[in-house]
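Trainee: Right, I'll just put the structure down here and ask away after.
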Amino acid sequence: MRKALRWLLALTVLIGTLSTAGAATAAEPQPADIKDRLLSIPGMSLIQEKPYPGYRYFVLNYTQPVDHRHPSKGSFQQRITVLHKDVSRPTVFYTGGYNVSTTPGRREPTQIVDGNQVSMEYRFFNPSRPDPADWSKLDIWQAASDQHRIFQALKKIYSKNWISTGGSKGGMTATYYERFYPKDMDGVVAYVAPNDVVNDEDSAYDRFFTQVGTKECRDRLNAVQREALARREPLEKKYEAYAAENGYTFTTIGTLDRAYEAVVLDYVWGFWQYSLLSDCDTIPANAATATDDEIWTSIDTISGFSAYTDQGLETYTPYYYQAGTQLGAPTIHFPYIEKKYIRYGYQPPRNFVPRDISMKFQPWAMRDVDTWVRHNAHHMLFVYGQNDPWGAERFRLGKGAKDSYVFTAPGLNHGANVAGLVADQKTLATARILAWAGVSPSAVTQAKPLAKFDAKLDVRDVEREPALRP
């Protein structure tokens with residue numbers, strides 16, 4: 001009996017010792033320097049730290065599974081950046097849906113909440129591409145799961161509220177992330193996010209192009225576009241010389257002729273995506289009497305003759321793959337151009353992806369997201385530009401949405417933002433962003449950005465991508 005009591009006492013002491021040791025381990029202080037804290041995350045490594053006044057800015061790699069359903073089957077390095085303000089501030093999670101910039105920058109919600117910003121490079125955009133690349137693992141759920149793992153890792157450091165954001169394909173990305181992981185973020189601000197629910201029904205775009213801007217401006221643009229097709233022979237000779245001079249090739253799209261027409265057919269769309277109504281003065285007033293050089297320059301300035309070369313397409317292969325498998329792509333018509341001038345029409349994404357990459361469209365993917373947003377949106381803000389073609393098919397809210405909004409900035413294009421909204425909507429949007437970020441009630445009431453404008457950090461220009469890429 002005494003032996004049993006002594007054994008029980010010894011066991012109790014041992015357990016107490018282990019518990020104390022465990023408590024001591026748990027109580028060990030975290031590294032004081034933010035860089036050390038970031039690099040203490042398993043799978044996180046430093047590429048570069050860049051100085052910026054008032055911030056610490058890090059370019060990092062984070063180890064991600066190629067397939068989140070089967071994490072043991074390979075990994076890749078995903079590039080992210082962290083603009084560190086203070087762990088006591090809210091954090092904005094930004095993605096543009098493409099490559100990530102490695103230059104310090106601050107998105108509009110980050111300025112509004114005066115917070116930290118984590119930016120993610122979308123999977124399969126180089127260098128964040130698995131090797132070998134299993135393209136079947138490039139889908140919206142896998143990308144949302146990338147964000148979820150990054151959030152889980154960084155939430156331990158940045159414990160205050162989080163808001164996700166992005167523009168265009170980045171706005172789509174923020175929306176898909178919310179659909180699959182609705183408990184992660186405290187709010188979503190999605191800018192100019194297209195929503196192509198039914199890929200084969202694109203009449204909304206055709207209606208848009210009969211109403212946008214003014215008739216005078218539309219007529220100018222339509223005439224230049226038509227003239228570029230009517231003068232196909234001399235302008236394609238110019239294109240051949242241009243391609244030879246720059247070493248451009250056309251293996252993916254097939255021929256220079258296909259590439260030429262694709263660039264020209266992007267022209268009107270590209271103008272409204274990136275320009276304002278006031279820019280119509282830069283378009284040749286009389287296309288019929290304009291020189292070949294004037295027509296070429298106008299098309300090249302807006303659409304870019306390098307866009308459909310192999311070299312222009314390669315960077316955006318992941319986007320075109322997604323457009324042809326899940327996102328959908330717009331098709332519009334050109335009633336003001338005689339049929340004899342149009343040989344291919346708007347070409348499908350399949351034509352812009354190398355043939356050794358297999359693709360199969362999933363029509364249910366966007367229907368699922370659209371249904372979810374209509375019935376489940378919570379703390380979501382969608383901002384569109386009145387003159388942006390991509391807003392012709394947009395996200396809409398249903399009865400199930402709560403504390404969510406869809407606003408349109410008058411006269412703005414693909415660079416529409418909260419600052420461009422009419423006064424009452426701007427005040428409401430700013431207040432809701434601040435409330436979702438969990439800042440002080442007085443700041444929410446004032447409904448003004450908490451950080452002063454910084455000309456280097458707060459770039460307001462449209463993110464320039466070739467036309468027909470959101």
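The values are calculated or read from the model by the stated rules, or taken from the named source; none is laboratory data. Bear in mind that the values here come from a model prediction, so they are computed numbers and not experimental data. So basically every Cβ, Gly included, is an ideal-geometry build from the backbone, and we count neighbours across all protein chains shown. All accessible areas refer to the heavy atoms of the entire protein, side chains included, with ligands and DNA or RNA removed. Shrake-Rupley method; radii C 1.70, N 1.55, O 1.52, S 1.80 Å.
Trainee: If R0 is 30 Å, what FRET efficiency do you get for ASP33 and GLN152 from their C-beta distance, rounded to 0.05?
Mentor: Computed FRET efficiency for ASP33 and GLN152: 0.85.
Trainee: Right, another one. Measure off 7 Å from each Cα along the Cα-to-Cβ vector at THR210 and ASP257, then give the distance between these two points in nanometres to one decimal.
Mentor: With each label placed 7 Å out from Cα toward Cβ, I get 3.2 nm.
Trainee: State which stretch of the chain is the longest one without any exposed trypsin sites (Lys or Arg not before Pro), exposure meaning a DSSP loop state and at most 14 other Cβ atoms within 10 Å.
Mentor: Between exposed loop sites, the widest span is 184-342.
Trainee: Further question on the same structure: Considering only the chain, what is the antiparallel percent among its DSSP beta bridges, to the nearest 5? Write down the numbers at each step before the final one.
Mentor: Numbers: 23 of 46 bridges.
Around 50 percent antiparallel, to the nearest 5.
Trainee: Net charge near TYR260: determine it from the other residues with C-beta under 9 Å of the C-beta of TYR260, scoring Lys and Arg +1 and Asp and Glu -1.
Mentor: On the way: positive: ARG232, ARG258; negative: GLU236, ASP257, GLU261.
With Lys, Arg at +1 and Asp, Glu at -1, the neighbours total -1.
Trainee: Still on this model: For the chain, take every pair of Cα atoms, bin their distances at 20 Å starting from 0, and report each bin as a whole percent.
Mentor: All Cα pairs considered, the percentages come to 22, 51, 21, 4, 2, 0.
Trainee: Under a straight-distance cross-link criterion of Cα-Cα below 18 Å, which aspartates and glutamates are reachable from LYS402, leaving out those fewer than 8 residues away in the same chain?
Mentor: Cα-Cα hits under 18 Å: GLU178, ASP184, ASP186, ASP370.
Trainee: If you don't mind, there's one more thing I want to ask. Once you compute Rg and the Kirkwood Rh from C-alpha atoms, what is the Rg to Rh ratio for segment 355-410?
Mentor: That ratio is 1.12, to two decimals.
Trainee: A further question on this structure: Under the classification rounded if a/c is under 1.5, otherwise prolate if a/b is larger than b/c and oblate if not, where does segment 174-287 fall, given a ≥ b ≥ c as square roots of the Cα gyration tensor eigenvalues?
Mentor: Oblate, because a/c is 1.5 or more while a/b does not exceed b/c.
Trainee: Let me ask something additional. Given 0.36 nm per residue, what is the gain on full extension from ASP310 to THR291 after removing their alpha carbon distance, in nm?
Mentor: Result for the pair: 4.0 nm of gain on full extension.
Trainee: Same structure, new question: Take each uninterrupted DSSP H stretch in the chain, measure its Cα extent along the helix axis, and return the ones at 27 Å or beyond whose mean Kyte-Doolittle hydropathy is at least -0.5.
Mentor: 2-26
Trainee: Using the charge dipole of the chain (Lys, Arg: +1 at Cβ; Asp, Glu: -1 at Cβ; taken about the Cα centre), state which of PRO410, PHE395, PRO330 has its Cα farthest towards the positive end.
Mentor: Of PRO410, PHE395, PRO330, it is PHE395.
Trainee: Below 8 Å, C-alpha to C-alpha, sequence gap of six or more: please give me the relative contact order for the chain in percent.
Mentor: Computed value for the chain: 17 percent relative contact order.
Trainee: Continuing with this model, one more query. Taking only the alpha-carbon atoms of segment 247-341, what semi-axes of the equivalent ellipsoid follow from 5 times the gyration tensor eigenvalues under a square root, in whole Å, largest first? Provide the component values of the computation, followed by the final result.
Mentor: Details: eigenvalues 123, 55, 41 Å².
Rounded to whole Å, the semi-axes are 25, 17, 14.
Trainee: Hey, what number do you get for the chain at 222 nm if only DSSP H runs of n ≥ 4 count, each worth -39500 (n - 2.57), divided across all residues, to the nearest 500?
Mentor: The helix-only estimate for the chain comes to -11500 deg cm²/dmol at 222 nm.
Trainee: Round to a whole number: what % of the accessible area of the chain belongs to carbon and sulfur, probe 1.4 Å?
Mentor: Its accessible area is 53 percent carbon and sulfur atoms.
Trainee: Please give the length that would be gained between ALA455 and GLU201 if that part of the chain were fully extended, namely 0.36 nm times their separation in residues minus their C-alpha to C-alpha distance (nm, one decimal).
Mentor: So the extension gain works out to 87.3 nm.
Trainee: Test of the criteria: in segment 178-270, which GluC sites (Glu not before Pro) are in a DSSP loop and have at most 13 other Cβ atoms within 10 angstrom of their Cβ?
Mentor: Answer in residue order: GLU201.
Trainee: Once amide H atoms are placed 1.01 Å from N in the peptide plane, what residues at a sequence separation of 5 or more from VAL406, or on another chain, have their amide H within under 5 Å of its amide H?
Mentor: Counting only residues 5 or more places away or on other chains, the set is PHE382.
Trainee: Sum up the charges of everything whose Cβ sits under 10 Å from the Cβ of TYR344, counting Lys and Arg as +1 and Asp and Glu as -1, but leave TYR344 out.
Mentor: 0
Trainee: With +1 on each Lys and Arg Cβ and -1 on each Asp and Glu Cβ, and nothing else charged, work out how big the dipole of segment 149-291 is about its Cα centre, in Debye to the nearest 20.
Mentor: The calculated dipole for segment 149-291 is roughly 700 debye.
Trainee: Also, I was wondering about something else. Provide the per residue accessible area, probe 1.4 Å, for the chain, rounded to a whole number of square angstrom.
Mentor: Details: 21010 Å² over 470 residues.
Here the residues of the chain average 45 Å² of exposed surface.
Trainee: Using a/c under 1.5 as the rounded threshold, could you call segment 270-428 rounded, prolate or oblate? The axes a ≥ b ≥ c are square roots of the C-alpha gyration tensor eigenvalues, and prolate needs a/b larger than b/c, oblate otherwise.
Mentor: Numbers: a/c = 2.36, a/b = 1.27, b/c = 1.86.
Since a/c reaches 1.5 but b/c is at least a/b, the shape of segment 270-428 is classed as oblate.
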